[in-house]
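Asks: Below: one structure in C-alpha cells.
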Amino acid sequence: MEKVIFVTNFLGNGGAARVMSILADNLIYKNKNIEIISFLDRNDTYELKNDIKLTVLKCKSKNKVFQKLERILKLRKEINKNKEEITIISFEYFVNMQTILANMFLKNKLIVSERNDPARTGNGKITRKLRNLLYRFADYLVCQTPGAKDYFPKKIQNKTVVIPNPIMPDLPNRFEGTRKKEIVTFCRIEKQKNLTMLVDAFKLLNEKYPEYKLVIYGDGSERESLKKYIKEIGMEQQIELNDFIQNIHSKITDSAMFVSSSDYEGISNSMLEAMGIGLPTVCTDCPCGGAKMMIENDENGILVPVRDKVALYKAMKKIIENPGFAEMISNNATKIKYKLEQNKICELWMNLIKN
C-alpha cells in the first residue's frame, strides 16, 4: 500500500486544512496509507477517518528560528521512519519551505501547494526569493488559479499544475422559501479578509434597510480588533460576531446572501460553499483570480472591485431590491457543486501522485 504524508501548519478551521482533510479522506478510499503531520496542536481539528494517522510535531524551543530548525529535523525524522519511498504533499508556503528542507536529498516524491496569493504572502523579498529557490526542489507545485501560477519564474511554472479546491460534499440543498433578513460571511478573521470594509458597506445598507442584520462567523488574529471597530461605529445591535461552528452551512442556508470582502485569496472555500448551497453571493474580484474563475458576474453571483465599500453596498442592495435576480443567481450558483465535485478534483491530485 503506497503511503502519502500530508504536512500542514494545523488541521483546524481554515480553507487549506479543509481541502487537505477532503483529499486525505478520498485517498483512504483509494487504498492509500495516509498520515497527516501538523506543526501545531489545535482544539478545532477536523475529524478524520479512523485509518488516518495524525502526528503533531511539538517543539520545545521558544525562539522562532530555533523552533523552525527543530521542526525541520523532527519532520525529517518522521519522514525517515518510512523504509520505502513515499509521496509528501504540503500546503502553504512556509510549511512548503520547511518540508522541502526536511526532505532534501531524499528520494521521496514531493508536491507543494500554494493556498493563497503568492504575490501577497511570503514576508518580504528575501523570503520570496528563498521560496522560489526551494520550490525548484519539489516535483510539482499546485496552484489554485492561473494567476497564482503566473507569479512564479518559468522554471517553476513548467512543473506547476492548476487544481481548484474541491467543494465540500454533503452540503445542504438550496433553500426555497422566504429568506431571513440576514447577510452572512464565514472565514478566518484576518487582515486580508478586510471585514471592516464589509462592516462599513453594511452600515450604508442598514441606513436604508434597518431590518437586516450582518452575521459574521469566524475566529482569527483580528477578531478583537473587529469587535472593537463594530462597537466604535455603534453597530453592535445590527452586527453579530460569532465563533466558527462546524455545522455552519445548515445554520445559514436560508440567509439572504453571502458576502466576501477579501483583499486577496487563493480560492475562497467559504465562497464556494455558499454558492453550493445556493446563497446569493457577492465577492470582491480579488487577486489571484479565484473569484473570477468561479463567478460569472450577474449570472451566478456578483463581483465587485477590491476595497470599494460603495460598490459592495450597491451589490447587496441589488440583491435585496430584486428578488427575481436573487433567485436566478442563487439557482445558477448551485451548479458549482458539479464543476468542483470532490471525486473530479481528487482525481487530478491522484494523477500527480501516480506520475
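The values are calculated or read from the model by the stated rules, or taken from the named source; none is laboratory data. It should be emphasised that the depicted structure is a prediction, and the values quoted were computed from it without experimental measurement. Glycine gets a Cβ as well: all are built from the backbone with ideal geometry, and neighbour counts include every protein chain shown. Surface accessibility is based on the protein's heavy atoms, side chains included, excluding ligands, DNA and RNA. Shrake-Rupley method; radii C 1.70, N 1.55, O 1.52, S 1.80 Å.
Asks: Treating the angle as unsigned and between 0 and 90°, give the value, to the nearest 10°, between the Cα long axis of helix 93-102 and the longest Cα principal axis of the chain.
Replies: It is inclined by approximately 10 degrees.
Asks: A follow-up question, please. Any idea of the accessible area per residue across region 104-169, 1.4 Å probe, to the nearest Å²?
Replies: 48
Asks: Explain nothing, just the number: relative contact order of the chain, from Cα pairs under 8 Å at least 6 residues apart, as a whole percent.
Replies: Reported as a whole number, the value is 15 percent.
Asks: For a quick check: with amide H placed at 1.01 Å from N, whose amide H comes under 5 Å from residue 115's, ignoring anything fewer than 5 positions away on the same chain?
Replies: Distant-sequence amide H within range of residue 115: 92, 93.
Asks: Please give the direction-averaged projected area of the C-alpha convex hull for region 194-249, in square nanometres with one decimal.
Replies: About 4.1 nm², averaged over all directions.
Asks: Compute the distance in nm between two label points, each set 7 Å from the Cα along the Cα-to-Cβ direction, one at residue 3 and one at residue 133.
Replies: Using points 7 Å along Cα→Cβ, the separation is 3.1 nm.
Asks: Grab the eigenvalues of the alpha-carbon gyration tensor for the chain, scale each by 5, take roots, and send me the semi-axes largest first in whole angstrom.
Replies: Numbers: eigenvalues 268, 92, 72 Å².
Taking √(5λ) for each Cα gyration eigenvalue gives 37, 21, 19 Å.
Asks: Quote the charge dipole size of the chain about the Cα centre in Debye, to the nearest 20; the model charges only the Cβ of Lys and Arg (+1) and of Asp and Glu (-1).
Replies: 1660
Asks: Listed here are the pairs 181/227; 64/149; 180/208; 181/317; 149/292; which of them are more than 19 Å apart at the Cα? Working shown, then result.
Replies: On the way: 181/227 22 Å; 64/149 30 Å; 180/208 17 Å; 181/317 12 Å; 149/292 15 Å.
181/227; 64/149, as the Cα separations exceed 19 Å there.
Asks: Loop only per DSSP, at most 16 neighbouring Cβ atoms within 10 Å: give me the chymotrypsin sites (Phe, Trp or Tyr not before Pro) in region 132-198, ordered by residue number. Before the final figure, lay out each step's value.
Replies: Values: sites: 135, 137, 140, 151, 175, 186; in loops: 175.
When the chymotrypsin sites (Phe, Trp or Tyr not before Pro) of region 132-198 are filtered for loop state and at most 16 Cβ neighbours within 10 Å, 175 remain.
Asks: May I pose another question? Considering only C-alpha atoms, what is the centroid distance from region 169-203 to region 286-301, in Å?
Replies: After rounding, the separation between the Cα centres reads 16 Å.
Asks: Then there's this: Per residue, how large is the accessible surface of region 191-314? Use a 1.4 angstrom probe and give square angstrom.
Replies: 40
Asks: Do the sum for the chain: with -39,500 (n - 2.57) for every DSSP H run of n ≥ 4, divided by all residues, what is the mean residue ellipticity at 222 nm, to the nearest 500 deg cm²/dmol?
Replies: -12000 deg cm²/dmol
Asks: Moving on. Could you size up the charge dipole of region 209-307 around its Cα centre, putting +1 on the beta carbon of Lys and Arg and -1 on that of Asp and Glu, and report it in debye to the nearest 20?
Replies: 180
Asks: From a point 7 Å beyond the Cα of residue 69 in the direction of its Cβ, which residues of region 123-165 have a backbone N at a distance under 15 Å?
Replies: The answer is none, because no backbone nitrogen lies closer than 15 Å to the label point.
Asks: Mind checking the angle between helix 223-232 and the chain's longest principal axis? C-alpha axes, 0 to 90 degrees, to the nearest 10.
Replies: Helix 223-232 sits roughly 20 degrees off the main axis of the chain.
Asks: Considering just Cα atoms, how many Å³ per residue does the convex hull of region 1-68 enclose?
Replies: It comes to 94 Å³ per residue, whole-number rounded.
Asks: Between 250, 260, 330, which gets the highest mean-square fluctuation from a Gaussian network model of the chain, Cα cutoff 10 Å?
Replies: Among 250, 260, 330, the largest GNM mean-square fluctuation belongs to 250.
Asks: In degrees, nearest 10, range 0 to 90: what is the angle between the Cα axis of helix 125-134 and the longest Cα principal axis of the chain?
Replies: 50
Asks: Separate question: Taking the Cα centre of each part, how many Å lie between region 1-79 and region 103-160?
Replies: Distance between centres, Cα-based: 19 Å.
Asks: Let me ask something else. Obtain the nm distance between the two label points defined at residue 310 and residue 47 by a simple spin-label model: each point lies 7 Å from its Cα along the Cα-to-C-beta direction.
Replies: Reported label-point gap for residue 310 and residue 47 is 4.9 nm.
Asks: Pop out the carbon and sulfur fraction of the accessible area of region 124-236 as a percent, whole number, probe 1.4 Å.
Replies: Working: 2930 of 5770 Å².
Solvent-exposed carbon and sulfur of region 124-236 make up 51 percent of the total.
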